[in-house]
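Everything on this sheet refers to the single structure shown next.
The values are calculated or read from the model by the stated rules, or taken from the named source; none is laboratory data. Source: prediction; values computed, not measured. Here Cβ is always computed from backbone atoms with ideal geometry, including for glycine, and neighbour counts include all displayed protein chains. When the accessible area is computed, the model is the full protein with side chains, heavy atoms only, and any ligands, DNA or RNA have been set aside. Shrake-Rupley method; radii C 1.70, N 1.55, O 1.52, S 1.80 Å.
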Amino acid sequence: MTAVLEVVRAGVQSTLQDAGRFDCAQWGVPQAGAADPLAFALANILLGNQADAAVIEVTLGGLQLRFLVEIDFALTGADC
């Protein structure tokens, strides 16, 4: 597998998020998933990804990435 990006600085509370896990509470697994489901869905739609493809969720800023190849990316969500 070829790397496509490098995390230069992770920032505060930058996490990888998916769509969450539904119907797993009986096993003690929380739903979790992206905090902003609309931004999550929109990013995947814009890129033509599967609806449940993981995203990088940036909560308090400071994330710095270096793209190692030419790639499409989407930036969605609230200004926070």
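Checking residue 1 against (1) open to solvent by 60 Å² or more (accessible area, probe 1.4 Å); (2) under 17 Å from residue 76 (Cα atoms); (3) not hydroxyl-bearing (Ser, Thr, Tyr), which test does it fail?
Every listed condition holds for residue 1 apart from (2).
For residues that are touching a residue at least 24 places away in the same chain (Cβ under 8 Å) and in a loop (DSSP other than H, G, I, E, B), scanning just the stretch 1-17, find the one that is nearest to residue 34 (Cα to Cα). Explain how you work it out, then say what you get.
Just the residues of the stretch 1-17 that are touching a residue at least 24 places away in the same chain (Cβ under 8 Å), to begin with: 2-17.
Of the ones still in play, those that are also in a loop (DSSP other than H, G, I, E, B) are 2-4, 10-13.
Numbers: 2: 26, 3: 24, 4: 22, 10: 17, 11: 17, 12: 16, 13: 12 Å.
If we take residues in the stretch 1-17 being touching a residue at least 24 places away in the same chain (Cβ under 8 Å) and in a loop (DSSP other than H, G, I, E, B), then 13 is nearest to residue 34 (Cα to Cα).
If the requirement is being in contact with a Lys or Arg (Cβ under 6 Å, 6 or more places away or on another chain) and open to solvent by less than 60 Å² (accessible area, probe 1.4 Å), which of these qualifies: 29, 55? Please lay out each step first, then the result.
Working: 55 fails: in contact with a Lys or Arg (Cβ under 6 Å, 6 or more places away or on another chain).
The conditions single out 29.
Out of the residues in the stretch 58-75 that are in contact (Cβ under 8 Å) with a residue 40 or more places away in the chain and open to solvent by less than 80 Å² (accessible area, probe 1.4 Å), which is farthest from residue 44 (Cα to Cα)?
Of the stretch 58-75, the ones in contact (Cβ under 8 Å) with a residue 40 or more places away in the chain are 58-69, 71.
Narrowing the set further to residues that are open to solvent by less than 80 Å² (accessible area, probe 1.4 Å) leaves 58-59, 61-63, 65, 69, 71.
Working: 58: 16, 59: 18, 61: 21, 62: 22, 63: 20, 65: 19, 69: 19, 71: 14 Å.
Among those residues, the one meeting the criterion is 62.
If only one of 60, 42, 75, 38 is part of a loop (DSSP other than H, G, I, E, B), over 25 Å from residue 1 (Cα atoms) and not polar (S, T, N, Q), which one is it?
Details: 42 fails: part of a loop (DSSP other than H, G, I, E, B); 75 fails: over 25 Å from residue 1 (Cα atoms); 38 fails: part of a loop (DSSP other than H, G, I, E, B).
Answer to the check: 60.
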